[in-house]
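Worksheet for the structure shown next.
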Amino acid sequence: MAGKYLLLVLFVGSTAFAQQQFELGADIGYGIYRDGTIYSGLGTLQAGIRNRFAAGIMLGWDFSDYVAGEFNYLYQDGHPFLQGLGVKADIQGQSQALTVGLLFHFNTRQHRIRPFLTGNAGSKDYVIAGPAPYPQPIPQIASLVTNDVWKVAFAAGGGVKFRVQRHLLLRVEFLDYLTTFPRTQIVPAPHNTARGIFEQFTPLFGASYTFGPRIPAGH
């Protein structure tokens, strides 16, 4: 009897696996930031990350007709900066985001065009790659320091997948990455206040290769 149950479990598992697809791809785009503000008795400074190019890789698991899991890595080449009150200073840096999430498709895998929404969570590393400004341009309000900072990150957005060949997908999407203010990298002076959620608005274009069972031609 136990052997029959084991065979049944193996059969159901192999059938489910045979219906799944996997996706491996890369994308490129541009990271546009909504920055924060540092308030002080001397005035306010804009504090944030410069808008620069972004590029990443993704690994997807299409485990049902409408829902897929996905791992994403995204690099963005923006530098931390302070700006205002006649001051403009940068420090060489970039960010790297690692997230996992779910995609919710509006069409089944049989369709060539599949709009989707996505939600993701993970972490983002604000990395410093150069020396701090010397002297600091306005230390009585804030300073740029050489601390790498990991932050909890969330990303939400949507896009469209286009199947151009049996195993080839093109993909256009827009993601909004959110973290809290990296106060140990862009450091307010004592008694000053840093406010704002760092948002990285990121349009992306990519291509991916799918592998798994053959998908019947759709529309």
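Some values worked out for this structure:
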item	result
Residues located in region 41-64, provided they are part of a strand (DSSP E or B), of a type outside the set (A, V, I, L, M, F, W, C) and more than 17 Å from PHE81 (Cα to Cα)	GLY56, GLY60, ASP62
Strands (runs of 3 or more DSSP E) enclosed by region 83-198 - at least 2 residues per element that are under 21 Å from TYR73 (Cβ atoms)	93-105, 113-128, 149-163, 168-179
Options ALA153, ALA97, ALA142, ALA89; residue that is modelled with pLDDT under 95, small (Gly, Ala, Ser) and under 30 Å from ALA189 (Cα atoms)	ALA89
Single unsatisfied condition, GLY159 versus (1) at pLDDT below 95; (2) among the small types (Gly, Ala, Ser); (3) in contact with a Pro (Cβ under 9 Å, 6 or more places away or on another chain)	(1)
Check on PHE162, within 18 Å of the chain's Cα centre (by Cα), farther than 27 Å from GLY41 by Cβ, surrounded by fewer than 20 Cβ atoms within 10 Å (Cβ to Cβ) and not charged (D, E, K, R)	no
Given (1) over 20 Å from TYR209 (Cα atoms); (2) assigned to a strand (DSSP E or B), number of the condition GLY69 does not satisfy	(1)
Any chance THR193 is touching a residue at least 40 places away in the same chain (Cβ under 8 Å), closer than 26 Å to THR37 by Cα and exposed (fewer than 14 other Cβ atoms within 10 Å of the Cβ)	yes
ILE113 vs. criteria among the β-branched types (Val, Ile, Thr), in contact (Cβ under 8 Å) with a residue 12 or more places away in the chain and surrounded by 14 or more Cβ atoms within 10 Å (Cβ to Cβ)	no
Residues of region 167-186 classified as farther than 16 Å from ALA153 by Cβ and surrounded by 19 or more Cβ atoms within 10 Å (Cβ to Cβ), total	4
Output for region 72-82, where each listed residue is surrounded by fewer than 21 Cβ atoms within 10 Å (Cβ to Cβ) and in a loop (DSSP other than H, G, I, E, B)	ASP77, HIS79
Selected residue (only one of GLN200, GLN140 is over 22 Å from the mean Cα position of the chain (by Cα) and not hydrophobic (A, V, I, L, M, F, W, C))	GLN140
Output for region 83-110, where each listed residue is farther than 30 Å from PRO131 by Cα and either surrounded by 16 or more Cβ atoms within 10 Å (Cβ to Cβ) or out of contact with any Phe, Trp or Tyr (no Cβ under 9 Å at 6 or more places or on another chain) (or both)	GLY101, LEU102, LEU103, HIS105, ASN107, ARG109, GLN110
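Yes or no, residue by residue, for (1) within 30 Å of GLY41 (Cβ to Cβ); (2) touching a residue at least 60 places away in the same chain (Cβ under 8 Å):
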{"site": "SER123", "(1), (2)": "no, no"}
{"site": "PRO135", "(1), (2)": "yes, no"}
{"site": "LEU144", "(1), (2)": "yes, yes"}
{"site": "TRP150", "(1), (2)": "no, no"}
{"site": "ALA153", "(1), (2)": "no, no"}
{"site": "LEU168", "(1), (2)": "no, no"}
{"site": "ARG171", "(1), (2)": "no, yes"}
{"site": "PRO188", "(1), (2)": "yes, yes"}
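The values are calculated or read from the model by the stated rules, or taken from the named source; none is laboratory data. All values derive from a computational prediction rather than experimental measurement. Cβ coordinates were reconstructed from backbone atoms using ideal geometry, including for glycine residues, and neighbour counts include every protein chain displayed.
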